[in-house]
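A short worksheet on the structure shown next.
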Amino acid sequence: MPSFEVAFADDLPIPANTFDAVVSRFGVMFFPSPVGSVREMLRVLKPGGRIAIAVWHFAERTRSITPCRKAVERYVNSSRTVAGVPMSQPRSV
């Protein structure tokens, strides 16, 4: 049975290396600390896991996504980072 928890995005009550995938759909631009939230997403992600962040507009036109993208690029070993992809197209980092 599914369960849900309410938590701050930059302080998740989840052990590290828990999830195979982490998704933020239209949320990161509203987080008080977008970069702190991305750090938490990466912390709870298992090695080799996937992270997906969707924003309302093109990534380069969404001010909060630039520091988040830089955080992902710094902490994730990936050659599949795609900048400037419209939200309607899938992107993987």
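Tabulated data
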{"item": "Odd one out for Phe19, checked against (1) at pLDDT 85 or above; (2) within 21 Å of Lys70 (Cβ to Cβ); (3) open to solvent by 80 Å² or more (accessible area, probe 1.4 Å)", "result": "(2)"}
{"item": "Subset tally (residues that are open to solvent by 30 Å² or more (accessible area, probe 1.4 Å) and among the small types (Gly, Ala, Ser)) for the stretch 22-53", "result": "3"}
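The values are calculated or read from the model by the stated rules, or taken from the named source; none is laboratory data. Because the structure is a prediction, the values reported are computed rather than measured. Don't worry about glycine lacking a Cβ; one is built from the backbone with ideal geometry, like all the others, and counts go over all protein chains shown. Remember, those area values only see protein heavy atoms, side chains included, never the ligands or the DNA or RNA. Shrake-Rupley method; radii C 1.70, N 1.55, O 1.52, S 1.80 Å.
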